[in-house]
Structure formats: C-alpha cells, structure tokens
Amino acid sequence: MWSEITKKLQETVQNIMPQVEAVIGWERGFNEIRIKPVVIKKEGDISKLVWNPFCVQNLSGYLVKSPAVIPREGRRVAICVKGCDSRSVTALIQEGFLKRDQIFIIGIPCSGTVDWRKVMKRLERSSVIHRAEIKDGRLMVEHAEGVEEIPLREILLRRCLRCVYPNPTVSDVVIGETVSPHIEKEDLYKDVEAFERKSLDERRKFWAETLSRCIRCYACRNACPLCICQDWCIAERRDPKWVTQKPTLKDILLFHGIHALHLAGRCTECGECERVCPMEIPVMFIKEKLNETTLRLFSYEAGIDSNLVPPLLTFNPHETGI
Amino acid sequence: MVARRKEKKSQNRIFIPLEGLNQTLENLSKHFTVWVPMPSGENEWSLEFKPLHRGCKILLDRQSTLPPKKVILPQGQTLIEYEYKKSESDPSKQDLVLREVIDESPIIVFGTRPCDVRGFLVCDKVFLQGRYIDVYYRARRLNTLFATLFCREADDACFCSSVGSGPADMEGSDIGITPIDGGWILEGLTDRASEIFSLCDCEAPDEKQIEDARRVQEEVRSMRVGNLRTDGVLEGVKGQFQNMELWRDIAESCLSCGVCTYVCPTCYCFTITDEPQGLRGERLRSWDSCMFYQYTQEASGHNPRPTKLERYRNRLGHKFSYFPLRYSGMIACCGCGRCIRSCPVSIDIRQGVERVREAHHGCVCS
Ligand code: SF4
Ligand code: SF4
Ligand code: SF4
Ligand code: SF4
C-alpha cells in the first residue's frame, strides 16, 4: 500500500518537475522508522521520495524559514502535505508569509504517523532496526534481538490520535484515498476538559513535573511553522530581558507561556512542537487550551479558510462574547 | 569486623547482585552524590542522569537520552553571587559583596558508558589542558568518579569505534562495570576505586562470576561499533568551506534548534549572563549552542554564521576538523549517536562527514 502511494507520488513529481523549482518531501533516514525531510531539485533524486506513516515531519516551515527555497519568477515550489500540514500552509498564506500561487501542494490523506519513541518503548530496549513494515493496521519490526508486532494505533503520535483533519484541506493534487478521522470533532478538546476537571494542585504538579524536564533546546519553537520570530525570540533576548538563562521551572514556564500565547488563535495543532521535543513534553497541550478558548470565543479555527484573518491579528470594536 | 573491612579494602572486584543495586548505591550516597541513569518521567522513553534517591528506578540497559554532561558542566551554573549592601563605613554608599561558587563535593557517576566518559576527555582538553584552566570545571571534574559499563547496547546510531573509542574503552573511568547473569561485577581501574569498594559492603565475586565477566568483556572488546571513515575530513572541511551547495545538501532540513548540541557529550559551548534580582544576583554560565543564530551575533549587527548552513558546517567542522587539528588529532565526537537519534528531522552527522569526504576526495581526483 505505502509503496503504491510512494510510486504515485514519484510519478506525480516526475510530471510537475519541469515547472517547479524544487519539491519538498520525505526520504528514508538512518533506519526504516526514522524518515527525514528532503528537498528534491533534480530528476535523478525523485526516487528518494517516500510516503508512509513514518513521514512525521511537517514540512511547511521550509517554505518560509531562512534559507527557504524561493522560486524564481513564474515557477513554484512543490510541497508534500498531510492533513495537519495543509492547515499550516493555509495559516502561512493567511498571515501573508506565503503566496498561494508560489506553491504547488501535493496533498496526502494520512491515517496517522508513528511516534518512534512509542515503538522503542514497546521493544523495551535500544536495538538495531533491520526492517519495519506496516500492514493491516499493524507494525512489524524486525530488530537485532527479535521481531515485534504492534497494533498501529498504540504507536501513533498523540496529535494523530486526536486529528480531525486527516485529509488535506488545500491541495493542487491529492495522492491516495480519503481517510476518516480518528475522533469526532466535538471530542477535539476532551483531553483539555478532562484535565481541567483536576484540582489546581494536580494540574500544577503535572506541569511542574513535565516542564522541569525541559532543556530549553527550543526545538519546539524552531519546528513550529508559525513561530516566526525564531532567531529574535524573547527567550534569548538580553535587552529587554524577559527570561533568565537559568534552567529553572520559573523560566521554563515563562518561555512556554509566551510561546503558547504567541500562537493563540494561530496554532493549527500540527503537533510538531510536541513531536520534536527530546524530553517528551506534551507542549501542544498548552496550545490546545488556547485553541479551545479561541473556538469558543470567536468560532475560529486556524488554517482552514485562507480568506479569514486570525482573531488576534485584527481588531473589531463590536466584538461580542469576550 | 575490622579484619573484614581490611580484606574488602584490598579487593579490586566486587559483585553487586541485581536486587542489591539500589542498596549498594544508597550506601555510597552517604559519602558521595551518586548520579545514575533513570527515566525522565513516569512513562517516558527518555533517560537522564539524576542524583540517586531512595527507591528510584535505575536503568542500565540502554544509553541515556541526555549524557551525564551536566554533572560537571551544569546547564546553568552560578559562577559568582553578588549583593549590594549599604556600606557600613559610609551610609551614603553601597558595598558590593562577591562570593565565588566553587563546588568540590565528591561525586560518583554510576552507569556511564564509554562514550559518556569520552565526552569528558574531549572537554578536558579545552577546560584543563590549555593556557587557561577553568577552575569551576576543574573542581567538579577532579572530584568526580566514573563507574562505566562495558557496553552491549549499541543501536544503529552508535559509531564509537569509528572515532577512536569503542564499547570496551575504559579510558577515563575509575571502575568498570560488567553485566553478568544475576548482577554486575565491578572492577577497579584506578586507585580511587578501592575507597569506593570499601564503602559498598559487597561480596567479592566467585570464580565462575569472574569467568563470566571475562567472557562478556572479551565479547564487547571484539565488537566494532560503526563503520564511519574519517580520513580526509580534517582537510575536507577546510577545502569545502565555501562550497555552500554541499552544506545545503547536508543541512537543508536542519531546524537550527539546540537538540543536537544539548544531547551531545562533547558540545561544551556556553554563554555567560548576569541574572539580577533586586540588589542581588548571580553571574551565570549556561549552555549555549552553535546552532543558534544569537550564538555568533556580533554587536555591530553582523553575523558571520547567518543561516543554519554555516552553523551546521561549524558543528560538523568543529568536531571533525578544527578540534582534531588543534588537539593532536582527537576527534571531538565520541560516536554516541545521540544527535542522530534525537534530531527532529533525523539529520545524521555520519552522512554529513561522508559527504564532506566524498566532495574532498572528488576534488583531489579531478
Ligand atoms: S504551536 Fe505546535 S501545534 Fe501549534 S502550529 Fe506550532 S508546532 Fe504546530
Ligand atoms: S523541545 Fe522540549 S526540551 Fe526543547 S525547549 Fe521545547 S519543551 Fe523544552
Ligand atoms: S541538526 Fe537536528 S538537532 Fe541539530 S540543530 Fe539541526 S534540526 Fe536541531
Ligand atoms: S556529535 Fe553526535 S554522535 Fe558525536 S558525540 Fe555529539 S551527540 Fe554523540
């Protein structure tokens, strides 16, 4: 199944190659469960492209973050997007970072991507991975010390288990069959609601424990397609100085609070911030709360309609409900 | 009792049974701060070194996500504390009171791997063996002992044997730990070990256990982990310095985050900031990363490494070329593979080195 979609993807790219500057997609990484982004610039490299549930990265940041691939006059940059990634592209267009006619969107319906750490947890050891295959909703891993079969659902990223837009919301071509989401839309914020039912102490304890693991590597910030300050982030600025360089909970909390607030009403819940965290901190969860609020107050979801202006990027004196 | 103690003191090997590990280390923790690898959180895959506490879960069966780097180079280290106080001699003036913070408390890091210790051997060159000695680093380094595992847990990101080390490399370690059936054999490698053994309250291993350990060590010694070739990189980085196409090819997908540098046992770059709080404050040394834009931002506004391409070039070049050129050939990478495993976009430093070599050798031929 994955090899068929990969083949179709390569054929599609073959066809559009003459009109595009480059194609941003995925290729195999250092083993079969670790895939990495690739920028294809010549026909000879098209065979590197793959699509399968290990293609975790949201590639849309590469369209805007320096040194981005800028198309020459009259040409476009092609990009492969999953459902969630397509919303990032729309959000970037909404905010004026991208022009729709500069990009060619290859949409791929996605039934969920794999959290490699969850796979390792199932293997219970670090081991050389020889082969990995996903078939009929199960992952089969052949590693140095044996073979393990795991139901796919148990190793999907948290973002995928709560995804309601698995099919690209914007695209120039779609590869593969439409898929159905894992959850109903009304359940989108049920984790947030459940968490809010906990006592203040429990919630404080949860964040104190998880956030104290943060090493301030800023991967969450840099991987976010919409974290556009990046190199000029308050987290590292000395003048004015907002956050100290101490790795204490207070400073970590402040950084994450600011990070989340800067994404309020802009975050598309692509989950990259959380996926890239080496310390497995569920940082998207903070943004989910803000998005739940945005939805409730403004009936707004980021990255769906490219004609809308995100609520906090505009001002309406007649605003009701707040 | 006294006689028994004496006998223990002279022994160079002890056996710790599986169920006796926590107790043994708790005994030690009365005299040392004992750092051990343990899970970062309840359900997490990541492991990190933390000070031992009663009943903690010690995990010795795989490499830690974060290296023990912070034991000696804390992520945030107070160098000096200061305070402004009303002057006693002249009430219209303030006195500045300074206090240097040097930590000399004794530490044991238990369960390091050869790559972890190799990381410190690299940092030693910079902090201890140059023209300037870093007193803060030295204080901690000289008071820290390492008990290191003969490592049998290499995965597909490890390549320690390619960079001058290997899974049985005990250089820099004070105690060797060999996992055998039912427990671990600890073997003294430096004079400092016998002091530790005398505090452990453990039995000496029997003949069979010694034989088992010998076999495990032999097996580990015969392993070659990784097949990276590094010939030509030294000159290659220099030769390819301006070849931005090459660096784009290697690092185009880089996010310019700090993961690779912060999980790396040999990345030692830091920044120094003053962190005031009212009339008092501290001068702080904290981890910095050459992958950050601000790292090379100059006061003039100029930045010599404006994009991630120049920054990645520095990371690779520093480890595989500039450092060995300066420090008698030592590669500043211990081959632990942490940067490869934890990189959000799976950038593989081995592949980068490979590309540089290819480009370099290509140049030589044509
Ligand atoms: S904050 Fe996280 S989930 Fe939201 S857009 Fe950024 S990376 Fe995606
Ligand atoms: S990626 Fe994780 S460890 Fe790094 S700064 Fe973000 S939350 Fe902290
Ligand atoms: S190589 Fe990977 S870990 Fe290092 S800065 Fe780039 S994206 Fe981050
Ligand atoms: S560069 Fe990577 S492989 Fe080398 S020591 Fe650092 S983290 Fe380990």
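Considering only region A:130-138, I want to know if a residue exists there that is in contact with a helix residue (DSSP H, G or I) (Cβ under 9 Å, 6 or more places away or on another chain) and within 14 Å of another protein chain (Cβ to nearest Cβ). There is at least one residue in region A:130-138 that is in contact with a helix residue (DSSP H, G or I) (Cβ under 9 Å, 6 or more places away or on another chain) and within 14 Å of another protein chain (Cβ to nearest Cβ). Among residues of region A:177-199 that are over 30 Å from A:Trp2 (Cα atoms), none has a beta-carbon under 9 Å from a residue that is surrounded by 10 or more Cβ atoms within 10 Å (Cβ to Cβ) and of a type in the set (Gly, Ala, Ser) at least six positions away or on a different chain.
Looking only at residues in region B:33-51 that are away from chain A (no Cβ under 14 Å) and open to solvent by less than 30 Å² (accessible area, probe 1.4 Å), the one that is farthest from B:Arg140 (Cα to Cα) is B:Val36. In this structure, does A:Leu152 turn out to be open to solvent by 40 Å² or more (accessible area, probe 1.4 Å) and at pLDDT 95 or above? Here the answer is no, as A:Leu152 does not meet what is asked.
Step by step: first the residues of region A:16-67, then only those that are of a type in the set (Gly, Ala, Ser) and more than 10 Å from chain B (Cβ to nearest Cβ), then the one that is surrounded by the fewest Cβ atoms within 10 Å (Cβ to Cβ). Which residue is that?
Just the residues of region A:16-67 that are of a type in the set (Gly, Ala, Ser), to begin with: A:22, A:25, A:29, A:44, A:47, A:60-61, A:66.
Filter again for more than 10 Å from chain B (Cβ to nearest Cβ), leaving A:25, A:44, A:47, A:60.
On the way: A:Gly25: 29, A:Gly44: 8, A:Ser47: 13, A:Ser60: 31.
The selected residue is A:Gly44.
When you check A:Thr210 against the structure, is it assigned to a helix (DSSP H, G or I) and either open to solvent by less than 40 Å² (accessible area, probe 1.4 Å) or in the same structural domain as A:Gln94 (by TED's automatic domain parsing) (or both), yes or no? So A:Thr210 fits the description; yes. If you go through region A:251-264 and keep only what is away from chain B (no Cβ under 14 Å), in contact (Cβ under 8 Å) with a residue 40 or more places away in the chain and buried (at least 18 other Cβ atoms within 10 Å of the Cβ), you end up with just A:His256.
Quick check on my filter: what residues within region A:200-250 are of a type in the set (Lys, Arg), free of Cβ contacts under 8 Å to residues at least 60 places away in the same chain and within 12 Å of ligand 2 (Cβ to nearest atom)? Give the steps one after another, and end with the answer.
So in region A:200-250, the residues of a type in the set (Lys, Arg) come out as A:203-205, A:213, A:216, A:221, A:237-238, A:241, A:246, A:250.
Next, from what is left, pick out any that are free of Cβ contacts under 8 Å to residues at least 60 places away in the same chain: A:203-205, A:216, A:221, A:237-238, A:241, A:246, A:250.
Scanning region A:200-250 gives A:Arg216, A:Arg221.
Applying a threshold of 9 Å to beta carbon distances and a minimum spacing of six or more residues, or different chains, the list of pairs starting in region A:7-32 at a residue that is assigned to a strand (DSSP E or B) and ending at one that is open to solvent by 20 Å² or more (accessible area, probe 1.4 Å) and of a type in the set (S, T, N, Q) reads A:Trp26/A:Asn52; A:Phe30/B:Gln351.
Go through region B:200-319 and tell me which helices (runs of 4 or more DSSP H), entirely inside it, have 2 or more residues that are within 14 Å of chain A (Cβ to nearest Cβ).
On the way: elements: B:207-221, B:233-239, B:244-251, B:259-262, B:308-317.
So the answer is B:244-251, B:259-262, B:308-317.
Screening B:Pro344 on (1) away from ligand 1 (no atom under 16 Å from the Cβ); (2) at negative phi shows it passes everything except condition (1).
Within region B:312-341, residues that are of a type in the set (Ser, Thr, Tyr) have Cβ atoms under 8 Å from residues that are within 16 Å of ligand 2 (Cβ to nearest atom) in these pairs: B:Tyr312/B:Cys254; B:Tyr312/B:Met291; B:Tyr312/B:Ile347, counting only partners at least 6 apart in sequence or on another chain. Which residues, counting only those in region A:275-294, are part of a helix (DSSP H, G or I) and more than 10 Å from chain B (Cβ to nearest Cβ)? Across region A:275-294, the qualifying residues are A:Met284, A:Phe285, A:Ile286, A:Lys287, A:Glu288, A:Lys289, A:Leu290, A:Asn291, A:Glu292, A:Thr293, A:Thr294. Here B:Leu121 meets each of (1) out of contact with any Gly (no Cβ under 7 Å at 6 or more places or on another chain); (2) open to solvent by 10 Å² or more (accessible area, probe 1.4 Å); (3) away from every other protein chain (no Cβ under 14 Å) with one exception, condition (1).
Looking at region A:272-299, which of its residues are among the charged types (D, E, K, R), away from ligand 3 (no atom under 16 Å from the Cβ) and in contact (Cβ under 8 Å) with a residue 40 or more places away in the chain?
Within region A:272-299, the subset among the charged types (D, E, K, R) is A:272, A:274-275, A:280, A:287-289, A:292, A:296.
Subset that is away from ligand 3 (no atom under 16 Å from the Cβ): A:287-289, A:292, A:296.
Scanning region A:272-299 gives A:Glu288, A:Lys289, A:Glu292.
Name the single residue that is farthest from the other protein chains (Cβ to nearest Cβ) among those in region B:132-155 being more than 30 Å from B:Leu79 (Cα to Cα) and open to solvent by 30 Å² or more (accessible area, probe 1.4 Å). Write out each step before concluding.
The first filter runs over region B:132-155 and keeps only residues more than 30 Å from B:Leu79 (Cα to Cα), leaving B:149-155.
Adding the requirement that they be open to solvent by 30 Å² or more (accessible area, probe 1.4 Å) leaves B:152-154.
Working: B:Arg152: 10, B:Glu153: 5, B:Ala154: 7 Å.
Within region B:132-155, the match that is farthest from the other protein chains (Cβ to nearest Cβ) is B:Arg152.
Among the residues making up region A:120-136, a single one is over 19 Å from A:Ile5 (Cβ atoms), exposed (fewer than 14 other Cβ atoms within 10 Å of the Cβ) and without any contact (Cβ under 8 Å) to a residue 12 or more places away in the chain: A:Glu124. When each of A:Glu196, A:Glu177, A:Glu202 is tested for being open to solvent by 80 Å² or more (accessible area, probe 1.4 Å), more than 12 Å from A:Ser111 (Cβ to Cβ) and not polar (S, T, N, Q), the lone residue that passes is A:Glu202.
In the list A:Leu139, A:Leu98, which residue meets the criterion of being at pLDDT below 95 and crowded, with 17+ Cβ neighbours inside 10 Å? Even if it seems obvious, please write down each step before you answer.
Working: A:Leu139 fails: at pLDDT below 95.
None of the others qualify; the one that does is A:Leu98.
Looking across region A:265-286, the residues that are more than 19 Å from A:Gln94 (Cα to Cα) and open to solvent by 10 Å² or more (accessible area, probe 1.4 Å) come down to A:Cys273, A:Glu274, A:Arg275, A:Cys277, A:Glu280, A:Pro282, A:Phe285, A:Ile286.
The values are calculated or read from the model by the stated rules, or taken from the named source; none is laboratory data. Note that the structure is a prediction, hence the values are computed from the model and not measured. A quick note on method: Cβ atoms are made from the backbone with ideal geometry, for glycine too, and the neighbour counts reach across all protein chains shown. The accessibility values were calculated without ligands, DNA or RNA, using every heavy atom of the protein model including side chains. Shrake-Rupley method; radii C 1.70, N 1.55, O 1.52, S 1.80 Å.
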